[in-house]
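Here the structure is laid out as structure tokens; the discussion comes afterwards.
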Amino acid sequence: MSALFEGLRVVEIASFVFAPGAGTVMADFGAEVIHVEPPGIGDPMRVLYKLRPLPESEENYCWMHESRNKKSIVLDLKQAAGHDVAVDLIRSADVLITNYQPSVLNELNLSYETVRKINPRLIFAHATGYGEAGDEVEKPGYDATAWWARSGMMNAVRPADAELAMSTAAMGDHPSSISLLAGISMALYAREKSGEGTKVSSSLMANGVWSNSLLIQSALCGAPPYLPPTQATTSNAMLNHYRTSDGQAFFLLLIKEADEFGTFCDAIGREDLARDVRFAELSNRRANSQALVAILSELFASQPLSYWRKLLDEHSITFGIIASNEEVVTDPQMHANDVFAEFADSPGQQVVNSPISLADYPKVAPLLPPTLGQHSDEILTSLGYDENRVRTLKESGAVVGKSTL
């Protein structure tokens, strides 16, 4: 079978992760994704891996992950000639992905109202920090600020006695990019029905609230404020994390506790807890949760994780290993399910795969990300530009050719 998005041309006039992340998944499924970069260093995402406290590495892992299978063209959109190339690209495209602020799009004559006249079948996908209305429409937004902090999650996930928790790099960008991808896919389906393109919008702020929506919904319903518990003082010992003797940890999660508590006690060799008047009934377990947490904490700390993992799995108790990044990359279950893919042009080098699979439409093998302007000539040729015009564009600086960045 051919790749699902084979034949689709996607133009990205965007930077960093949220907006280009949707293009990454489309490229995984065969779309031609053309990433438009400014002159100079290009997309600032190229140097994000140098930002601390991100891990130090000689490999540009940020760019590797986000820009695999894409093509790079360098355009000076402030020059008329460079802008003309962008217009020709948009005219040839099925999807335009951008995260530029409305004022910048207007300044560049690339607003939705303008480009839909250039290409009525175009899907215009706009990723924003704080939405397209209100006083903060022009405010720059990153996932750490608009998705993590603004949504209430940053305040909700920390234990009551702990400092505020930092988000990890692109933690909100990647799930938000899947929302943008979903909108693009819906718009492509709508185009099949109507023959016309449309605009897709999604914001980091809205995606953050969607991720935190159960607690937000409780606030909408007037519930008391959520107070994050500590491990020792939680009101539910069956929904808690525990450390083992080897310094590892796991998260215990008994949703159907009324039915599962007895089985859990059998699994850990403490059948007596199911008969203990403090814990036998659900209401008593809640009232005496701190005592149960103390007992379980001491018990789990007596044996290594492998010991408890075997017993809990044998009894079908729901729990999750609290893994380090280094443990994730060697996890057999991850590899069995193609969570990682190998670059076709760099054997042995792996990349995190996108989280969607279609049975009859396999993904294309990932290729290393482009150097700055690597495909400028190729893209211009695809637009019908002859050698003289390409040379003139380069001499003017409106287009920059391949570099080593």
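Laboratory data are not the source of any read-out in this text; all were calculated from the coordinates shown. Treat the numbers as computed from the prediction; the structure is a model and nothing was measured. Reconstructed Cβ throughout: ideal geometry from the backbone, glycine too, with neighbour counts over all protein chains shown.
Brief remarks on what is shown
- Unit charges on C-beta of K, R, D, E only; dipole of the range 1-130, Debye: 220
- Net charge over other residues, Cβ less than 14 angstrom from the Cβ of residue 348 (K, R count +1; D, E count -1): -3
- By the count of neighbouring beta-carbon atoms within 10 Å, fewest first, 78, 363, 199 end up ordered 78, 199, 363.
- When the range 59-152 is described by a simple charge dipole with +1 on each Lys and Arg Cβ and -1 on each Asp and Glu Cβ, the residue from 104, 137, 72 located farthest towards its positive end is 72.
- Length added when fully stretched, residue 196-residue 132, from 0.36 nm per residue minus Cα-Cα: 20.8 nm
- For 143, 313, 43, 88, order by how many other beta-carbon atoms lie within 10 Å, fewest first: 313, 88, 43, 143
- Classification of the range 1-103 by its C-alpha gyration tensor yields an oblate form. The axis ratio a/c (a ≥ b ≥ c) is 1.5 or more, and b/c is at least a/b.
- Counted residue by residue at 0.36 nm each, then reduced by the alpha carbon distance between them, the extension gain from residue 336 to residue 251 reaches 28.3 nm.
- Listing 70, 256 from fewest to most neighbouring C-beta atoms within 10 Å gives 256, 70.
- Oblate is the label for the range 209-356. Its Cα gyration tensor axes, ordered a ≥ b ≥ c, give a/c of at least 1.5 and b/c at or above a/b.
- Annotation for the range 358-385 versus the range 1-58: alpha-carbon center distance of 11 Å.
- Total charge dipole magnitude, the chain, about the Cα centre, Cβ charges on Lys, Arg, Asp, Glu only, Debye to nearest 20: 680
- Projecting the Cα atoms of 325, 358, 5 onto the dipole axis of the chain, where Lys and Arg carry +1 and Asp and Glu carry -1 at the beta carbon, places 5 farthest toward the positive end.
- Anisotropy class of the range 112-189 from Cα gyration tensor, a/c 1.5 cut: prolate
- Converting the Cα gyration tensor eigenvalues of the range 75-207 into ellipsoid dimensions via √(5λ) gives semi-axes, longest first, of 33, 18, 12 Å.
- Charge dipole (debye, nearest 20) of the range 164-252; +1 at Cβ of Lys and Arg, -1 at Cβ of Asp and Glu: 120
- Crossing angle, helix 257-267 versus the chain [Cα axis fit, 0-90 degrees, rounded to tens]: 70
- Helix 18-28 vs. the chain, principal-axis angle (Cα, 0 to 90°, nearest 10): 80
- Modelled spin-label separation between residue 326 and residue 310, with each label point placed 7 Å from Cα along the Cα-to-Cβ direction: 2.5 nm.
- When each of the peptides 235-243, 161-169 is scored by how many other beta carbons lie within 10 Å of its residues on average, the order from highest to lowest is 235-243, 161-169.
- Cα coordinate range in the chain, projected on the principal axes (Å, largest first): 86, 50, 43
- Given charges at Cβ of Lys, Arg, Asp, Glu: the chain dipole, positive-most of 119, 178, 36: 119
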